[in-house]
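Here the structure is laid out as structure tokens; the discussion comes afterwards.
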Amino acid sequence: MADLIARLREDGIQKRVIQEGRGELPDFQDGTKATFHFRTLHSDNEGSILDDSRTRGKPMELIIGKKFKLPVWETIVCTMREGEISQFLCDVKHVVLYPLVAKSLRNIAEGKDPLEGQRHCCGIAQMHEHNSLGHADLDALQQNPQPLIFHIEMLKVESPGTYQQDPWAMTDEEKAKAVPLIHQEGNRLYREGQVKEAAAKYYDAIACLKNLQMKEQPGSPDWIQLDLQITPLLLNYCQCKLMAQEYYEVLDHCSSILNKYEDNVKAYFKRGKAHAAVWNVQEAQADFAKVLELDPTLAPVVSRELRALETRIRQKDEEDKARFRGIFSH
């Protein structure tokens, strides 16, 4: 361990072990999966926190040898055992790309495309090309790079072949093959009532396809074919979000589908339900009317939704009247 720490120091990385780990140091061959919680801190006297994986509810998963955009993370985790907690003070040369990496991780935590805002160029070019990353703290760090401290808690180290690979770590060929399997797994989870878990699977499948789509010319046959695969997955994802009562996300996604595919009945129906849930009565009625126009066989289902909406409106009117009577009776 002393030799490892000495080599790190020579490369501009200072390691401080806070809690010893268990067992022997893993060999960390290519394909090894390291799962860990991290905190990123400024290296000044205040030591303020930039990012904390625990606040996002999910640890970081890093596949060794996959050329992660922040190579220093691979360097430092390869010195750690399971259960170990250590801090690493890293020179500026190791953390220049951290703002871009942090933006992607924050996008993932918010349910956005991790590649949102990035283009087909290297990280350094992206930093010079974009004025803002959308986060004031990352903008400041990008404009004035500083050494950073990474507080790492190593949760688990898994050898190649002993775990299911995450979509972001797959090759393009692996992504294309994995999408139908992930889709099926999402459907199974949904049927079993595990709606949140199903949504995560649909999201993973969408992320795979969007990553492939970014490499195609928008509007080209290959791009369109990928988009046609994304649409049913996105509708399944919206169904999960409807059940989770996350209505505004449903409105956004269904509207994005309808901007491209004006005859998508399912998108109109799900958007109508979301509009109804947030009291956009006219918009809901318009969407349900469009459903009937496109597919008259859905009349019984639409009638049921409209009756439910009318019942809710009457109940709300009665509650409002009762509330006003209470106000004026004082």
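Here the condition is being crowded, with 18+ Cβ neighbours inside 10 Å and in contact with a His (Cβ under 8 Å, 6 or more places away or on another chain); of Ile13, Ile63, it holds for Ile13 alone. Tell me whether segment 18-36 contains one or more residues that are out of contact with any Asp or Glu (no Cβ under 6 Å at 6 or more places or on another chain), over 25 Å from Tyr163 (Cβ atoms) and open to solvent by 90 Å² or more (accessible area, probe 1.4 Å). No, segment 18-36 contains no residue that is out of contact with any Asp or Glu (no Cβ under 6 Å at 6 or more places or on another chain), over 25 Å from Tyr163 (Cβ atoms) and open to solvent by 90 Å² or more (accessible area, probe 1.4 Å). State yes or no: is Gln315 assigned by the TED database to the domain that holds Asp227, surrounded by 13 or more Cβ atoms within 10 Å (Cβ to Cβ), part of a helix (DSSP H, G or I) and among the polar types (S, T, N, Q)? Considered against the rule, which asks whether it is assigned by the TED database to the domain that holds Asp227, surrounded by 13 or more Cβ atoms within 10 Å (Cβ to Cβ), part of a helix (DSSP H, G or I) and among the polar types (S, T, N, Q), Gln315 comes out as no. Scanning segment 132-169 for residues that are touching a helix residue (DSSP H, G or I) at 6+ places or on another chain (Cβ under 6 Å) and part of a loop (DSSP other than H, G, I, E, B) gives Ser132, Leu133, Pro145, Pro147.
One residue is enough: does segment 247-268 have a residue meeting the conditions modelled with pLDDT of 95 or more, over 22 Å from Asn187 (Cβ atoms) and part of a loop (DSSP other than H, G, I, E, B)? Yes; the residues of segment 247-268 include at least one that is modelled with pLDDT of 95 or more, over 22 Å from Asn187 (Cβ atoms) and part of a loop (DSSP other than H, G, I, E, B).
Which ones in segment 183-203 are touching a residue at least 24 places away in the same chain (Cβ under 8 Å) and surrounded by fewer than 22 Cβ atoms within 10 Å (Cβ to Cβ)? Outline the logic, then answer.
Pass one, segment 183-203, residues touching a residue at least 24 places away in the same chain (Cβ under 8 Å): 183, 186-187, 190, 195-196, 198-199, 202-203.
Scanning segment 183-203 gives His183, Asn187, Tyr190, Val195, Lys196, Tyr203.
Taking segment 250-288 as the range and being small (Gly, Ala, Ser), surrounded by fewer than 14 Cβ atoms within 10 Å (Cβ to Cβ) and out of contact with any helix residue (DSSP H, G or I) (no Cβ under 7 Å at 6 or more places or on another chain) as the test, only Ser256 passes.
Going by the conditions given, is Ala140 in the same structural domain as Thr40 (by the TED database) and either closer than 30 Å to Val96 by Cβ or open to solvent by less than 30 Å² (accessible area, probe 1.4 Å) (or both)? The answer is yes for Ala140. Within 22 Å of Leu309 (Cα to Cα) and either outside the structural domain of Pro180 (by the TED database) or surrounded by 13 or more Cβ atoms within 10 Å (Cβ to Cβ) (or both), is that true of Tyr247? Judged against the criteria, Tyr247 is a match. Restricting Val195, Val179 to residues that are among the β-branched types (Val, Ile, Thr), outside the structural domain of Asn107 (by the TED database) and at pLDDT 95 or above narrows the list to Val195. Selection of strands (runs of 3 or more DSSP E) fully inside segment 2-118 by the criterion of at least 2 residues being without any contact (Cβ under 8 Å) to a residue 60 or more places away in the chain returns 49-52, 60-63.
Would segment 30-47 turn up any residue that is over 29 Å from the mean Cα position of the chain (by Cα) and charged (D, E, K, R)? Yes: one or more hits.
The values are calculated or read from the model by the stated rules, or taken from the named source; none is laboratory data. All figures in this text were calculated on a predicted structure; none of them were measured in a lab. Every residue, glycine among them, receives a Cβ derived from its backbone with ideal geometry; neighbour counts consider all protein chains shown. Just so you know, the surface numbers come from the protein's heavy atoms only, side chains and all, with ligands and any DNA or RNA stripped out. Shrake-Rupley method; radii C 1.70, N 1.55, O 1.52, S 1.80 Å.
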